[in-house]
Amino acid sequence: MILLKVNGTEHLVDCPDHKTLLEVLREDLGLTGTKQGCDQGECGSCTVLIGGRPFRSCMMLAAEVQHQEITTIEGLAKDGTLNYVQQAFVERQGIQCGFCSAGMILTAAAFLEENPEPTEQEVVRAISGNICRCTGYSKIVESIMCASKKKEGN
Ligand code: FES
Ligand code: FES
């Protein structure tokens, strides 16, 4: 049994020691917003926040992150209202098929906490570990720049 704290809720999960955090999130907790892409730490689609920082959930065992604060895309909206990064992605059409979006948005949210007024180059660098096969990235960068303006306005 392991204890995971995900999106503010504690879960006791009966799973084998070798199960990754990604597998537990999707298969045991039903949090399928976290996407399984390469499963090799390359694409970033499985990104979640642990203690507010982005990590690839396919590259860590669930047992390793017991008792830590884990945030998935399902935990970003509050009381039915999208968070400001999610809103910006919708407004600026930073989403096409959506496969990369959870990882991209969580990466951006963590980045903007540390750097609320980034340049475009800094945004490009921040998302360089997240692969998108659809958008050509310009709409994603635009969305994150838009989110940074929203954050300033808060
Ligand atoms: Fe984890 Fe690609 S699925 S990095
Ligand atoms: Fe399809 Fe990024 S929107 S992979």
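Each value in this text was obtained by applying a stated rule to the coordinates, not by laboratory testing. Treat the numbers as computed from the prediction; the structure is a model and nothing was measured. Cβ coordinates were reconstructed from backbone atoms using ideal geometry, including for glycine residues, and neighbour counts include every protein chain displayed.
Structure notes:
- Relative contact order for the stretch 1-134, counting Cα pairs under 8 Å that sit 6 or more residues apart, in percent: 27 percent
- 14 Å beta-carbon shell around K150, net charge (K/R +1, D/E -1): -2
- Using equal-weight Cα scatterers in the Debye expression, the normalised intensity of the stretch 84-153 in log10 at q = 0.22 Å⁻¹ is -0.84.
- Ellipsoid semi-axes for the stretch 45-101, based on the Cα gyration tensor and the rule √(5λ), read 24, 14, 8 Å when sorted largest first.
- The relative contact order of the stretch 84-153 comes to 53 percent, based on Cα pairs under 8 Å that sit 6 or more residues apart.
- Sequence-distant lysines (8 or more away, or on other chains) whose Cα lies within less than 30 Å of K151: K5, K35, K78, K139
- Cα-based reach from K19 at 20 Å (exclusive), listing aspartates and glutamates while leaving out same-chain residues under 8 positions away: E10, E27, D28, D39, E42, E64, E69
- When the Cα convex hull of the stretch 1-82 is projected onto planes of every orientation, the mean area is 5.1 nm².
- Our Cα-only numbers for the stretch 16-135 put the radius of gyration and Dmax at 13.9, 44 Å.
- Residues T71, T107, T119, sorted so that the one with the fewest Cβ neighbours within 10 Å comes first: T119, T71, T107
- Segment Q66..C134, full-extension length gain: 21.0 nm, with 0.36 nm per residue of separation and the alpha-carbon distance subtracted.
- From helices alone, the chain scores -9000 deg cm²/dmol at 222 nm; the rule is -39500 (n - 2.57) for each run of n ≥ 4 DSSP H residues, then divide by the residue total.
- Extension gain (nm, one decimal) between T9 and R125, 0.36 nm per residue minus Cα-Cα: 38.5 nm
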